[in-house]
1. Please tell me the relative contact order of chain B in percent, rounded to the nearest whole number, where contacts are Cα pairs under 8 Å and at least six residues apart.
2. So what are the ³J(HN,Hα) numbers for region A:15-29, from phi and the Karplus equation (6.51, -1.76, 1.60; θ = phi - 60°), rounded to whole Hz, Gly and Pro as x?
3. Pairing the Cα long axis of helix A:227-236 with the longest principal axis of chain A, what angle in degrees results, from 0 to 90 and rounded to the nearest 10?
4. Taking every alpha carbon pair in the protein assembly as shown, what does the distance histogram look like in 20 angstrom bins from 0, in percent?
5. Dividing the alpha-carbon Rg of region B:119-228 by 2.2 N^0.38 Å yields what?
6. Considering only C-alpha atoms, what is the centroid distance from region A:93-145 to region A:195-212, in Å?
7. Where the only charges are on Cβ atoms (+1 Lys, Arg; -1 Asp, Glu), what is the dipole of the protein assembly as shown about its Cα centre, to the nearest 20 debye?
8. Show me, for region A:156-171, the HN-Hα J-couplings you get by feeding each phi into the Karplus relation (A = 6.51, B = -1.76, C = 1.60, θ = phi - 60°), rounded to Hz, glycine and proline as x.
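Laboratory data are not the source of any read-out in this text; all were calculated from the coordinates shown. Predicted, not measured: the structure shown is a model, and the values here were computed from it. All Cβ positions, glycine included, derive from the backbone under ideal geometry; neighbour counts span all protein chains shown.
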Number of protein chains: 2
Amino acid sequence: MADILSPYQLRQQIRSGEFSTNTSGYCAGFVQGNLAILPADYADEFLKFCQFNPKPCPLIGMSASPGDFMLPELGEDVDIRTDVPRYRIYEQGVLQREVTDIKEYWQDDMVAFLLGCSFSFEEALLADGLEIRNISEKVNVPMYRTNIECKSAGRFSGTTVVSMRPMKPADAIRAIQICSRFPSVHGAPLHFGDPDAIGIRDINTPDFGDAVTIKDGEVPVFWACGVTPQVAIESARPPLCITHSPGHMLVTDLPNSRLAIL
Amino acid sequence: MADILSPYQLRQQIRSGEFSTNTSGYCAGFVQGNLAILPADYADEFLKFCQFNPKPCPLIGMSASPGDFMLPELGEDVDIRTDVPRYRIYEQGVLQREVTDIKEYWQDDMVAFLLGCSFSFEEALLADGLEIRNISEKVNVPMYRTNIECKSAGRFSGTTVVSMRPMKPADAIRAIQICSRFPSVHGAPLHFGDPDAIGIRDINTPDFGDAVTIKDGEVPVFWACGVTPQVAIESARPPLCITHSPGHMLVTDLPNSRLAIL
C-alpha cells in the first residue's frame, strides 16, 4: 500500500494522525527533507550558517516570512506544523520531547527550514545498480563526528558530521559522479579511505546510527550529513527549536530528479 | 617562445624539420593526441577495439577513408605524415625505428587514428589548483599493466594499462568530477587505492614512465591510459603500424574545452 500513496495523500494521513511512523520507503521518487524551525532571531544566523556550509546544510526551502507555516513551493497545502510524522522539541539546545503536531509550539516569529537529505541520492545510486550497505543490512546509516570545521555564523558553529557507505573503489568513483549531480542533497562525498584523516577514531563505533559491514576490497566513503546542522543548533542553544525526529521526514511534491543540476 | 606558437605554426615547424622534440607544454589549451596508423585490414578491427574500450582508447579523429593522410577535422592543413615530431615504425608488432617523417612508409590503404591523451585532463586539473605529481617532479607519469581485461576485437586484445597520480582523497574526489567532463581523454579514473586490487604488484616499479612520490595521506589514483592500444597493437602484430613516439604528439586546433561534455 505504501508505494501507491502520493506525497499529498501521505501528508494528509500524517496530518490526520493516521500515519506517524518513519517515512523511509514511502513516495519513492519524491524529495524528503530534514526540518529545522527556529525563532527569527536565530533564523537569520542559521540561514547564513547554511549558506556558509552548503554540503552539510543544503537548503531546499524555507518560510517566506517569519511566522509562515505554509510552504507552498515544497508541495500542495504543506503545513509544516502538522505534516511531519514526528517532531522533536528542543529548549536551550536540549531535547525535551517528541510530538506529532506542533501547533501549540508555533510562534509568530518562527522560520521553518527544509534541508536536503541522503534519501534522494541513495535512490539515484540504487537506480544505477550500486549497493548501499545500510539499506542491504536494514539499519540506519552510520554517522560520525569529524574534525572538519564548519564555517561559523553567529551562534552557530561546530564540526561536520558525515555518513558512511562502504564501496569498492570503482563503485565509489561512480557514486561520486552521480552524487555530483545532486548538490542540494549533500553532493559528492567529502572523503574516502582512512577514517583517521578526518578525525574518526573507530569506524566500527559510529556516533549516530548503526555500524555496517565493510567487506574486503571496500573503502569507507564519507558524505556530509544533515546531522551537522542539528549539532550546530544544539550548541547554539536557542530557547526553542523544532526538528523532525530522525527518519520521520517532510515528504515533498518535488521529484528527486528535479534536484539534479544536470 | 614556446607558449606563443599557435598549433598551426607548431605543425608547420614540425613539418619543416625545425621542431622535433616532445610537445609537452606547447600550445597550452589545445588538444594533443596519441597516433596510431594501421593498414585497412587491421584498421576495421582496431576501430571496433576503440569502440569496445572507450576509456583507454578514446577516439577523437580518424582518416575519412583509407589512404587519407589529411585530417581536416583536427586542424588546418593537418598532414598526418609530416606533422608529428617523431614517429615509431613497428613491423609485426616490433619497434624497428624512429623517424620524423613517414611519407616513405605511407600506403594507399592506411588509416590514421587519433586518440585523446591525458595532457588535456591534466590541464583541467592544474587549472582547478590540483597538484599533479609527475608534473611537479618533472618526470613521465608512471604507468602500469593491470589485470583489467579489454574487450577483444578481432586480433586486438590485451589488458588495460593505467597511469597513476597520487592525491589526497578530497583532491581525488575533485579530480573525478573534473575528469568526468572529459570522456574523450580517458574520463574518470578506473580505480584508486590498493594497487593489488587491479593486479599491480609494486607501485614503486612502473611498467612504463617513472615512479613518483606518494606522500603520507595520499592514495594512488588510476586512469585508463593511451598505452593500452599500443600494447594491443603489439600483440596483434600487424605487418606495419606507425605511432607517435611517447610525448611527441599531434597538436590539433581543437581547444581542450571543446572536449568537455558539459
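1. Details: 588 pairs, mean separation 82.4, N = 262.
Reported relative contact order: 31 percent.
2. 4, 7, x, 6, 10, 9, 9, 7, 9, 4, x, 8, 6, 3, x
3. That works out to roughly 50 degrees.
4. 21, 42, 26, 11, 0
5. On the way: Rg = 13.5 Å, N = 110, 2.2 N^0.38 = 13.1 Å.
Cα-based Rg divided by the globular estimate yields 1.03.
6. 19 Å
7. 480 debye
8. In residue order, the calculated couplings are 9, 7, x, 9, 6, 9, 10, 9, 10, 10, x, 8, 5, x, 4, 5 Hz.
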